[in-house]
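**Student:** Questions regarding the structure given below will be posed in turn.
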């Protein structure tokens with residue numbers, strides 16, 4: 001990215017160790033990602049606990065939510081005169 005390092009990859013060792021990569025569905029997937037600003041010591045680690053390839057997903061998860069009820073008009077401090 002613009003001439004800067006964008007990421008680092010762990011290389012497979014002779015003994016087959018692939019670090020934070022694990023096989024799922026015939027491919028190697030990264031299961032741990034460290035993030036942080038360049039030249040800063042602070043790091044955050046994201047750890048993936050499970051990768052599911054083409055899981056069955058219930059169609060109900062893709063339905064639009066019910067519309068929100070209309071808000072009552074706000075009283076803006078107006079005083080109505082009695083008739």
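The values are calculated or read from the model by the stated rules, or taken from the named source; none is laboratory data. From a predicted model like this one, the values you see are computed outputs, not experimental measurements. Heads up, the Cβs are rebuilt from the backbone with ideal geometry, glycines too, and the neighbour counts pull from every protein chain shown.
**Student:** Please list, ordered by first then second residue, the pairs with beta carbon atoms under 6 Å, 6 or more apart or interchain, first in region 48-74 and under 30 Å from residue 22 (Cα atoms), second part of a loop (DSSP other than H, G, I, E, B).
**Tutor:** 48/31; 53/25
**Student:** Of the residues 57, 51, 46, which single one is under 20 Å from the mean Cα position of the chain (by Cα), at pLDDT 65 or above and loosely packed, with under 10 Cβ neighbours inside 10 Å? Lay out the reasoning, then the answer.
**Tutor:** Details: 51 fails: loosely packed, with under 10 Cβ neighbours inside 10 Å; 46 fails: loosely packed, with under 10 Cβ neighbours inside 10 Å.
Criteria check complete, one pass: 57.
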